[in-house]
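Down below is the structure, laid out as structure tokens.
The numbers here are math on the coordinates, done by the rules we state, and not lab data. What you see is a predicted model; the values in this text were computed from it and never measured. Heads up, the Cβs are rebuilt from the backbone with ideal geometry, glycines too, and the neighbour counts pull from every protein chain shown.
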Amino acid sequence: MTDPPAIRVRFAPSPTGFLHVGGARTALFNWLYARGQGGRFILRIEDTDQARSTEESYAAILRGLEFLGLDWDEGPRVGGDCGPYLQSERLDLYREQLDRLREAGHVYPCYCDPEELERGREAALAAGQTPGYDGRCRRLTDADRSDFAARGLRPSWRLRTPDDGSTVWNDIVYGKREFQNAGLTDRVLVKADGFPTYNFAVVVDDHLMGISHVLRGDDHVSNTPAQLLLYDACGWPRPKFGHLPMILGPDRKRLSKRHGATSVEEFADRGILPDAMVNYLALLGWSPGPGGDEVLARDQLVKKFTLKRVGSAPAAFDYDKLAYINGEHIKRLSPERRLALVLPRLAERGWTVDPTWRTPAGGDTARYLDAVLRALGNRFSDLARVPDQIAFFFTEDYPVDAAAVAADLASADARLRLAQLADALAAVDDGVVAAPAAVFEEVARGTAARLGVEPGALLHPCRVALTGQNANARIFPVMELIGVPRVIARLRRAATDG
């Protein structure tokens, strides 16, 4: 094995659910730090919870990371010198280290009934006390242990925690943190079924994989003292620890499904771009600096990211800000890339171009969609909503703003003007070619002048009649794309129905 880079960080999720945005943010900060420092980013799957780990969750985590573009240097599907990278395939390593701890007297067998311990935990919580283990199996004699063994009971193994003193570390984010050892409990390292607990496996893995920095959510801080004591018991150097601020919902409570989407794949389905999601997640607990632009490309984030700018205050997930950042990233897409992303969503609706519409693109759906997206410009905040925003180009069953109809189509005068515009367009329609925007503009302005009204008095009702909205792109290119036959039909329908 070659000497590892100085910076080695990891993301180590449990495959017990989807990739939550909190986990994704943790993965991102580790990835950014590794990429910015020339280090290595390792993916490890902590699947020793056999009751809750599933193949579906494992696959969902990998899909989420791949969607975000957080490539790993070592781990599943990639390999590496420190594998295997699934904890369920590393059981021999944990047994070997447990044997060493037993020989050194740092652990002791515990024969307590798990159900009894759970009842005690619940009783302590009900009484407003901090639950913990009372250390009763520390006091077992050799005869007691022999008796339990003779009865066929298999023990779990607990770390012997110091009775006094304190466990201290300099947290990268929070500074000095200290826990009194008297308030700590003797944690189980290996369960009676032979499987390691989280606190044991994570320390063994992080050491054997040469992890230099442990960057994780602040909800793990209660585990850190026990893990540091375990490093000391094993005689291993401690990595540096940094606990990232929690992510809260807009109501400042822990982010959950009641707030809206929380998984990476949900946001992907809603049309959030990978670069936008990465950009927004980076801002949850990290700042690019005073006066810095918050809309950042991936390479800019790598260059700017520093642990010194990670704050300790909880970060509130702002869905509106995510939509804004996503819209800004959509603006930066090339027309070709934007077309490629929207075209499949159009196909899901079954929308195609009818040549009788007489549009500039003829019957070519891809060309027509490209022209539509270019005409509407930078008006999209997420790709999932694009079909609804452009529906009036493809179908007569498009969303209609009732308030816009009431404001602009309710009067008899407005409907009369639309009927007269329809007649004027019909008079110049040759029935063969698509009319350019300039023709629509000439006819519309000429009709307004003939009626003795300002152009807006005709064009505002016209916009609502054609698009169902009173705010959109410039109306004349929109009319060109809708095509003469459908423009005339919609104007006459609005003139009749209002």
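Report the dimensions of region 1-130 along its three principal axes from the alpha-carbon atoms, largest first, rounded to Å.
47, 37, 27 Å, listed from the longest principal axis down.
Under unit Cβ charges (Lys, Arg +1; Asp, Glu -1), what dipole magnitude, rounded to 20 debye, does the chain have relative to its Cα centre?
840 debye
7 Å from Cα along Cα→Cβ at both D497 and K253: what's the point-to-point distance in nm?
Calculated label separation equals 4.3 nm.
Using just the alpha carbons, could you tell me how many Å³ per residue the convex hull of the chain encloses?
Details: hull volume 96.7 nm³, N = 498.
So the per-residue hull volume is 194 Å³.
Angle, helix 224-234 long axis vs. longest principal axis of the chain, Cα atoms, 0 to 90°, nearest 10?
Around 40 degrees separate the two axes.
Rounded, prolate or oblate: pick one for region 257-331, where a ≥ b ≥ c are the square roots of the eigenvalues of its C-alpha gyration tensor, a/c under 1.5 means rounded, and failing that, prolate if a/b is larger than b/c, else oblate.
Because a/c hits 1.5 or more and a/b fails to exceed b/c, region 257-331 counts as oblate.
For the chain, please report how many Lys pairs fall under 25 Å Cα to Cα, leaving out neighbours fewer than 8 apart on the same chain.
13
Using only the alpha-carbon atoms, how far is helix 484-497 inclined from the longest principal axis of the chain? Give it as 0 to 90 degrees, nearest 10.
The helix 484-497 is inclined about 90 degrees to the chain.
Report, in whole Å, the centroid distance computed from the Cα atoms of region 169-214 and region 297-328.
When both Cα centres are located, 29 Å separates them.
Once the Cα atoms of helix 91-104 and of the chain are each reduced to a long axis, what angle between those two axes, in degrees from 0 to 90 to the nearest 10, is obtained?
Taking the Cα atoms of the chain, the angle to 91-104 is about 40 degrees.
Indicate the gyration tensor shape class of region 50-126 (rounded, prolate or oblate), computed on the Cα atoms with a ≥ b ≥ c the square roots of the eigenvalues: a/c under 1.5 is rounded; otherwise a/b larger than b/c is prolate and the rest oblate. Provide the component values of the computation, followed by the final result.
Numbers: a/c = 3.26, a/b = 1.48, b/c = 2.20.
Oblate, since a/c reaches 1.5 and b/c is not below a/b.
Rounded, prolate or oblate: which fits region 90-244, taking a ≥ b ≥ c as square roots of the Cα gyration tensor eigenvalues, rounded meaning a/c under 1.5, else prolate when a/b beats b/c? Don't jump to the answer; show the numbers that get you there.
Working: a/c = 1.96, a/b = 1.34, b/c = 1.46.
Here region 90-244 falls in the oblate category.
When N counts the residues of region 169-215, how does its alpha-carbon radius of gyration compare numerically with 2.2 N^0.38 Å, as a ratio?
1.43
Can you tell me how much longer the chain between Y231 and A126 gets when fully stretched, taken as 0.36 nm per residue apart minus their C-alpha distance, in nm with one decimal?
Between Y231 and A126, full extension yields 34.5 nm more.
So in the chain, what percent of DSSP beta bridges are antiparallel if you round to the nearest 5?
Once the DSSP bridges in the chain are tallied, antiparallel ones form about 55 percent.
Would you work out the charge dipole size for region 372-498 about its Cα centre, treating the Cβ of every Lys and Arg as +1 and the Cβ of every Asp and Glu as -1, and quote it to the nearest 20 debye?
120 debye
Applying the Karplus parametrisation 6.51 cos²θ - 1.76 cosθ + 1.60 with θ = phi - 60° to the phi angles of region 392-406, what ³J(HN,Hα) value in whole Hz is obtained for each residue in order, glycine and proline being reported as x?
Couplings: 5, 7, 10, 8, 8, 9, 10, x, 10, 7, 4, 5, 5, 5, 5 Hz.
Take the alpha carbon atoms of region 113-127, find their center, do the same for region 236-283, and report the distance between the two centers in whole angstrom.
33 Å
Residues with amide H under 5 Å of C110's amide H, sequence separation 5 or more or different chain, H placed in the peptide plane at 1.01 Å from N; which?
Distant-sequence amide H within range of C110: S156, W157, R158.
Once the Cβ-Cβ distance between E442 and L416 is put in as r, and R0 is 22 Å, what FRET efficiency do you end up with, to the nearest 0.05?
For E442 and L416, the calculated efficiency is 0.60.
Could you size up the charge dipole of region 148-205 around its Cα centre, putting +1 on the beta carbon of Lys and Arg and -1 on that of Asp and Glu, and report it in debye to the nearest 20?
It comes to approximately 260 debye.
So what does the Cα-only Debye profile of region 380-498 read at q = 0.13 Å⁻¹, as log10 I(q)/I(0), no solvent term?
Log10 I(q)/I(0), no solvent term: -0.46.
Report the Cα centroid-to-centroid distance between region 339-411 and region 37-111 in angstrom, as an integer.
Centre-to-centre distance over Cα atoms comes out at 48 Å.
Quick one: net charge of Y398's neighbours, Cβ under 14 Å, K/R +1, D/E -1?
Summing Lys and Arg as +1 and Asp and Glu as -1 gives +2.
Between I42, G431, L421, whose Cα lies farthest towards the positive end of the dipole of the chain when Lys and Arg beta carbons carry +1 and Asp and Glu beta carbons carry -1, centred on the Cα centre?
Result: L421.
Stretch E66-R136 to full length: gain in nm at 0.36 nm per residue minus the Cα-Cα span?
Numbers: separation 70, 0.36 × 70 = 25.20 nm, distance 4.74 nm.
This chain segment gains 20.5 nm when fully extended.
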